[in-house]
Amino acid sequence: MKDERVQDWRERVLSGRWFRAIPEVLRDRLLEAAVLRQLAPGHRLFSRGDRPCGLYCVVEGAIRITGVSEAGKEALLTFIEPPNWFGEIALFDGQERTHDAVAEGPTRVLQVPQAAMEALLHDEPRYWRDLALLMSHKLRLAFIELEDKSLLPSATRLARRLVQIAEGYDDGPERGRRIIHLSQEQLAMMLSISRQTTNQILKDLEARGIVRLTYGEIEILELEELRGAARLPP
């Protein structure tokens, strides 16, 4: 039953660029070892400082990646949505989790337990490169974000983040999707700008007919216009 339930999500997982590109044998091994977990809203999958617990793939819903300071201030790094994989950093270095991972609404994830991943890579060390490609893609995105934060105004950075989310960070099946389930407060936290500044930028984009704002959602009306606001090529 476990394998059948996991296999129900095979097509969703295959829609991701990384999983689709890895060897078929590795794809099969990961799905064979995976277990399907259903998470209630707010369920904490793991916390900063936890021991490694395996590799994950979001197949429904979203996982919020955050960090909280000693003073209780929360930093929202990103949302991981289908069909993206995560958790590979601790797999490489065997050290503690770097951030908190929390379910944003009802969420389903596939988990390949740590012991299964270690056994797989011990038997087939050539697959380390495939895991490295998963991590390097995120490292590229992180460097781009750091550069954008240093060089670009808030309005351009906000538009770029909306384009990234709409296009699944170049690894999702819903490239160019129209509805982004994200509150203005969450978007402000992701970009490290004020809620007021975020609202002003979004209102300007709405006045230009590029987006439509509703409670907890941002609807993209003109993706190419949004790419223009983000200073991205068409």
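The values are calculated or read from the model by the stated rules, or taken from the named source; none is laboratory data. The structure displayed is predicted, hence computed values, not measured ones. A quick note on method: Cβ atoms are made from the backbone with ideal geometry, for glycine too, and the neighbour counts reach across all protein chains shown. Only protein heavy atoms, including side chains, enter the accessible area calculation; ligands, DNA and RNA are left aside. Shrake-Rupley method; radii C 1.70, N 1.55, O 1.52, S 1.80 Å.
Test S136 against the stated conditions and say whether it is touching a Leu at 6+ places or on another chain (Cβ under 8 Å), under 30 Å from I89 (Cα atoms) and among the small types (G, A, S). So S136 fails the test.
Taking into account only those residues within the stretch 64-78 that are at pLDDT 85 or above and farther than 21 Å from V163 by Cβ, which is most open to solvent (accessible area, probe 1.4 Å)? Going through the qualifying residues, I end up with A75. Would it be correct to say that S69 is without any contact (Cβ under 8 Å) to a residue 12 or more places away in the chain and polar (S, T, N, Q)? Yes, satisfied.
Answer yes or no as to whether T197 is among the hydroxyl-bearing types (S, T, Y) and at pLDDT 95 or above. Yes. Condition check for A155 on (1) modelled with pLDDT of 95 or more; (2) of a type outside the set (S, T, Y); (3) surrounded by fewer than 13 Cβ atoms within 10 Å (Cβ to Cβ): one failure, at (3). For residues in the stretch 179-194 being polar (S, T, N, Q) and exposed (fewer than 15 other Cβ atoms within 10 Å of the Cβ), which is modelled with the highest pLDDT? For the stretch 179-194, the residue satisfying everything is S194.
The rows are residues; the columns are (1) over 27 Å from D123 (Cα atoms); (2) surrounded by 12 or more Cβ atoms within 10 Å (Cβ to Cβ); (3) out of contact with any Pro (no Cβ under 9 Å at 6 or more places or on another chain); (4) touching a residue at least 24 places away in the same chain (Cβ under 8 Å).
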| site | (1), (2), (3), (4) |
| --- | --- |
| R5 | no, yes, yes, yes |
| E11 | no, no, yes, no |
| F19 | no, yes, no, yes |
| P23 | no, yes, yes, yes |
| L26 | no, yes, yes, yes |
| L30 | no, yes, yes, yes |
| R37 | no, yes, yes, yes |
| A40 | yes, no, no, yes |
| S47 | yes, yes, yes, yes |
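If the condition is being touching a strand residue (DSSP E or B) at 6+ places or on another chain (Cβ under 7 Å), modelled with pLDDT of 95 or more and assigned to a helix (DSSP H, G or I), then the stretch 79-119 contributes E88, M117. Set side by side, the residues Y169, Y127 differ, and just one is open to solvent by less than 80 Å² (accessible area, probe 1.4 Å), among the hydroxyl-bearing types (S, T, Y) and either outside any helix (DSSP H, G or I) or modelled with pLDDT of 95 or more (or both), which is Y127.
If you take the residues in the stretch 200-215 that are outside any helix (DSSP H, G or I) and open to solvent by less than 20 Å² (accessible area, probe 1.4 Å), which one is farthest from R227 (Cα to Cα)? Looking at the filtered set, the residue picked out is V211. Would you say V102 is in contact with a Pro (Cβ under 6 Å, 6 or more places away or on another chain) and open to solvent by less than 20 Å² (accessible area, probe 1.4 Å)? Considered against the rule, which asks whether it is in contact with a Pro (Cβ under 6 Å, 6 or more places away or on another chain) and open to solvent by less than 20 Å² (accessible area, probe 1.4 Å), V102 comes out as no. For the stretch 12-24, residues that are assigned to a helix (DSSP H, G or I) and in contact with a helix residue (DSSP H, G or I) (Cβ under 9 Å, 6 or more places away or on another chain) total 7. Scanning the stretch 217-230 for residues that are open to solvent by less than 30 Å² (accessible area, probe 1.4 Å) and within 14 Å of I179 (Cα to Cα), which turns out nearest to the chain's Cα centre (by Cα)? Of everything passing the filter in the stretch 217-230, I218 is nearest to the chain's Cα centre (by Cα).
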